[in-house]
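Have a look at the structure below, then the notes.
The values are calculated or read from the model by the stated rules, or taken from the named source; none is laboratory data. Note that the structure is predicted; figures quoted are calculated from it, not measured. Here the Cβ is made from the backbone with ideal geometry for all residues, glycine too, and neighbour counts use every protein chain on show.
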Number of protein chains: 2
Amino acid sequence: MDGAQALMRTAADAGVTACFANPGTTEMQLVAALDSEPRIRPVLGLFEGVVTGAADGFARMAGVPALTILHLGPGFANGLANLHNARRARTPVVNLVGDHATWHRDADAPLTSDIESLARPMSGWVRTSHHADHLAADMADALAAALDPPGQVATLIVPQDLAWSEVDLDALPTVKQPSRPLVSPSQVEAVSEVLRRSGGRAVLLVGDTGTRRDGLLAATRIREATGCRVLTEANPTRMERGAGIPAFGRVPYFPEQARQAFEEVDVLVLAGATDPVNFFGYPGQDSHPRPESCELVGLAQPGDDVVHVLEALADALDAPAAVVPLAERPEPPTGAALGPAELGAALAALQPEGTIVVDESITSGGPYAGAARGAPPHDVLALTGGAIGYGLPAAVGAAVACPERQVVALQADGSGMYTVQALWTMARESLDVTVLVCANRSYRILEIELARAGVAEPGDAARSLTGLGGPELDWVSLARGMGLHAARATSADSLVEHLRQAFDTPGPALIEVPF
Amino acid sequence: MDGAQALMRTAADAGVTACFANPGTTEMQLVAALDSEPRIRPVLGLFEGVVTGAADGFARMAGVPALTILHLGPGFANGLANLHNARRARTPVVNLVGDHATWHRDADAPLTSDIESLARPMSGWVRTSHHADHLAADMADALAAALDPPGQVATLIVPQDLAWSEVDLDALPTVKQPSRPLVSPSQVEAVSEVLRRSGGRAVLLVGDTGTRRDGLLAATRIREATGCRVLTEANPTRMERGAGIPAFGRVPYFPEQARQAFEEVDVLVLAGATDPVNFFGYPGQDSHPRPESCELVGLAQPGDDVVHVLEALADALDAPAAVVPLAERPEPPTGAALGPAELGAALAALQPEGTIVVDESITSGGPYAGAARGAPPHDVLALTGGAIGYGLPAAVGAAVACPERQVVALQADGSGMYTVQALWTMARESLDVTVLVCANRSYRILEIELARAGVAEPGDAARSLTGLGGPELDWVSLARGMGLHAARATSADSLVEHLRQAFDTPGPALIEVPF
């Protein structure tokens, strides 16, 4: 058994079931080791941003860590943006980054670079292996670090000579799935007192696992008992929505609206969420949208058992069972008009139960969020770190994690182009992903931000750097070029028809929805 | 004048003529500043790897530094792989990376990350600006650093509040174009003695600017006078080739062939090149292909005036003028067969004088290198750092730098997919780029490396991670989806026809060449 095989077997023993990869020469032993480990499904991405985004989407849904294989510093760098999103999502991802043989590193071969310096900003745990006999233990440590609640990105750098060396091990290490810490009853009691006192002027901000069904139900009970308002994090890692699941607003994106959401709030109770921060700094705005006078009360940190503590708080408040009003499911839209409203209604009207919606719609997805309250229960994965290009890859990963569920990528066109290669992996792996491209032919958010920056009438340069025109992207051709069924919606009627067909047909499909 | 405008004007005053950009909110002032600076052409890339690869290709050809605008840590990370190539090419590139407003950084907003840690591995110079009044001087320092011979990547991090603040400056700083150091006559004399003594068992290894016409002519004279062999670096930044230009072999890629190239060599004279290193470390191979006993003699370092020193050495050797034997230009191939040989012959037969060939053909380009000796004079840009995905973007940059010249991207399919978004920029900017996709439907080099690693019969996992089949990429659809004319060659005849048409028609075109 060589080092690579010992490492891969350790991963499989710990429950790893998929490896997203874009390998190179220095990872050939890791690749070969997958041939002797049938418990791990290899999934090729044609670009590393696909690999890491898929790992993020996979681990958000799978309940086990995702594994990646990436090639040296430059290949790893290509995956960093989506690892940034995984870091913000607190997703358990283990990266295996191949490096030159230990004795070859000092020669400064063309592909040599400082991999640890690249790794640290987006990883909670970084290690370079130093001995073939340690590779399995290093893998176990990486997995344990990734699983440490709430989860994090762990990066293990594997010099190639360690991977190809024979190892001498009595037994492979095991990895224990850690449990989430509970919160003390006295802490729950203290928060219940605060909320009883100031419920009408309090906000309960829910994050981490609290945005799943049981957490949201408990939050509803707390609201009913105290009169507090409930918000969720701006960009939840995984949020359950739809019929029977309470729908709360998120902390808004623009600072003016975010400030408004916290107006006249005396107490902010954090349940698995952190103190909210504006996405960007603007002249004349604080970094935080809450009033300076607002008291911050920590109920549960990310990584705690947030659902349990929310339920304990509801019980401490003697709150009755939650009653979730039934939201009406929209009818499929009809007619010639086609815009974000029709797109939102069509998707909410037709999506099957248990759909996973990967939302990178940026400025186009607003109406869907409202319409989806009446859809059957589903999961929404948000862009947690703001690094665009996560949507298509995350849809790949979610579909690998949950082959029995429909996945929908609600995808803006500008951000979709960053990791467009993900479409090929959907086709190759026959994944049940329906891609809806919101094609507004611009970086619309930048046009808005340019106006906010005081540029009322952009000149040629600014227009050319924020618009996607000349030539227009033809998403149908792009998708067909990577082996997908693809169509362009020309009206609400045709959108509904294409969407029905996509949901009825196994395998991936892309629908371009021009606005 | 705000900080962004002061910075942009400083760049334009220093001779910057193009800015390759993929901006975000934190760069809106930099974008707006381009509206008031008509001397700088803004070029949008739909992914940051396109932006940095274009900057590399531009600066290799333009003789002035390239400028980029990139968005925060994750956007910058997306551009690092091609900055790695630019670092190895010693290309003068200045990156402007926007950051959050200084007062917003500590709030750890979603897009916050350690940009300097990301920048250092691929940059020779890194600075974060600290005051709006310093932005122009910081830009001047970045340009000076980038231009410092032989050239390097410089990264300037610009917090957004500095960009939007009004500045108070009496005058803008200026940037002096540094000259390349000469080498002392005594050094030249010493090397000429060494070569006279051991010419028959010496190799002259030429790199940096020495791979341009005048350097190669001088190297020919040195060879004629001493009997030494001449090699060029494995992956030259810019090499001139074709009729009237001496063609030397490069240091081979695989270690066995590289070792053979240095067999029975007692002296290795380095002229703008560094001590050669094998691309990867393999069991039983040294890091260096030269014999351990071989004496290393430094004639010129990268950054020295390599052409001048080669000419001085030839003169010191009383070498006669170089005679370059006329290589025959191949005829356009005919018939049904189509493989790398036909591709190489067709391109060499038809390419117009002054063509810039961006070579990322990996395993498919060998026959072209031989055939092109008889083509009209042209430039070849090689993959200097081994980070694949440089070809299509570098072709964009070369075409922006030299609008009067034909650019050819000789592109492997696997690596082409990494930054396929570059095709759109070719269309938008109406660049005279002909893309030849060598479509062998695999990461062929990895199949070879897997065999070298002892995996004679790869299993399903290894095959799936090194092959590009199922589904096959349809490059014609991909190109049309981004607005390019595109066709598939089905024979040598049709390749020649499509190639003639592409060269006769202004604007970009893509030809898929399946092998």
The residue from B:Gly207, B:Gly227, B:Gly199 that alone is modelled with pLDDT under 95 and out of contact with any Phe, Trp or Tyr (no Cβ under 9 Å at 6 or more places or on another chain) is B:Gly199
From the option list B:Ile245, B:Ile222, single residue qualifying as in a loop (DSSP other than H, G, I, E, B) and of a type in the set (Val, Ile, Thr) is B:Ile245
Only one of A:Arg405, A:Arg441 is among the charged types (D, E, K, R) and modelled with pLDDT under 95, namely A:Arg441
Result of the Cβ filter at 7 Å on segment B:59-74, keeping first residues that are at pLDDT below 95 and partners that are surrounded by 24 or more Cβ atoms within 10 Å (Cβ to Cβ) and of a type in the set (Phe, Trp, Tyr), at least 6 apart or interchain, is none
Filtering segment B:91-113 for residues that are in contact (Cβ under 8 Å) with a residue 40 or more places away in the chain, in a helix (DSSP H, G or I) and more than 7 Å from chain A (Cβ to nearest Cβ) leaves a count of 2
Taking segment B:114-141 and keeping residues under 19 Å from B:Ala101 (Cα atoms) and part of a strand (DSSP E or B) leaves B:Val126, B:Arg127, B:Thr128
Being more than 14 Å from every other protein chain (Cβ to nearest Cβ), modelled with pLDDT under 95, under 30 Å from B:His100 (Cβ atoms) and surrounded by fewer than 19 Cβ atoms within 10 Å (Cβ to Cβ) narrows A:Gly366, A:Gly303, A:Gly298, A:Gly284 down to just A:Gly366
In segment B:1-51, residues that are at positive phi and either buried (at least 23 other Cβ atoms within 10 Å of the Cβ) or among the hydroxyl-bearing types (Ser, Thr, Tyr) (or both) total 0
Checking A:Arg88, A:Arg60 in turn, the sole residue that is of a type outside the set (Ser, Thr, Tyr), under 29 Å from A:Gly272 (Cα atoms) and either part of a strand (DSSP E or B) or within 11 Å of another protein chain (Cβ to nearest Cβ) (or both) turns out to be A:Arg88
Note on segment A:447-464: residues within 14 Å of B:Gln160 (Cβ to Cβ) and of a type in the set (Lys, Arg) are A:Arg452
The residue from A:Val433, A:Val476, A:Val437 that alone is buried (at least 21 other Cβ atoms within 10 Å of the Cβ), within 25 Å of B:Thr419 (Cβ to Cβ) and out of contact with any Leu (no Cβ under 7 Å at 6 or more places or on another chain) is A:Val433
Checked pairs for segment A:127-152, first under 17 Å from A:Gly15 (Cβ atoms), second in a loop (DSSP other than H, G, I, E, B) and among the charged types (D, E, K, R), C-beta under 6 Å and 6 or more apart or across chains, list as A:Pro149/A:Arg180; A:Gly151/A:Arg90
Considering residues that are within 14 Å of chain B (Cβ to nearest Cβ), aliphatic (A, V, I, L, M) and assigned to a helix (DSSP H, G or I), the number found within segment A:373-405 is 2
- Scanning for something closer than 27 Å to A:Ser186 by Cα, within 14 Å of chain B (Cβ to nearest Cβ), at pLDDT 95 or above and surrounded by 19 or more Cβ atoms within 10 Å (Cβ to Cβ), does segment A:316-333 turn up at least one residue? no
Apart from one, (1) over 30 Å from B:Ala144 (Cα atoms); (2) touching a Ser or Thr at 6+ places or on another chain (Cβ under 8 Å) all hold for B:Thr237; the odd one out is (1)
For B:Arg120, the lone unmet condition from (1) within 11 Å of chain A (Cβ to nearest Cβ); (2) of a type in the set (Lys, Arg); (3) buried (at least 22 other Cβ atoms within 10 Å of the Cβ) is (3)
Picked from segment A:24-57 (must be more than 19 Å from A:Trp164 (Cα to Cα) and among the small types (Gly, Ala, Ser)), the residue nearest to the other protein chains (Cβ to nearest Cβ) is A:Gly49
Result of the Cβ filter at 7 Å on segment B:260-281, keeping first residues that are over 14 Å from B:Glu295 (Cβ atoms) and within 14 Å of another protein chain (Cβ to nearest Cβ) and partners that are assigned to a loop (DSSP other than H, G, I, E, B) and charged (D, E, K, R), at least 6 apart or interchain, is B:Ala273/B:Glu233; B:Pro276/B:Arg290; B:Val277/A:Asp108
Note on segment A:146-180: residues more than 22 Å from A:Thr26 (Cα to Cα) and touching a Gly at 6+ places or on another chain (Cβ under 7 Å) are A:Pro149, A:Pro150, A:Gln152, A:Arg180
Given the conditions (1) without any contact (Cβ under 8 Å) to a residue 12 or more places away in the chain; (2) surrounded by fewer than 18 Cβ atoms within 10 Å (Cβ to Cβ); (3) within 9 Å of chain A (Cβ to nearest Cβ), every one holds for B:Asp170 apart from (3)
Going through segment A:175-198 in order, the residues found to be buried (at least 20 other Cβ atoms within 10 Å of the Cβ) and part of a helix (DSSP H, G or I) are A:Val188, A:Val191, A:Ser192, A:Leu195
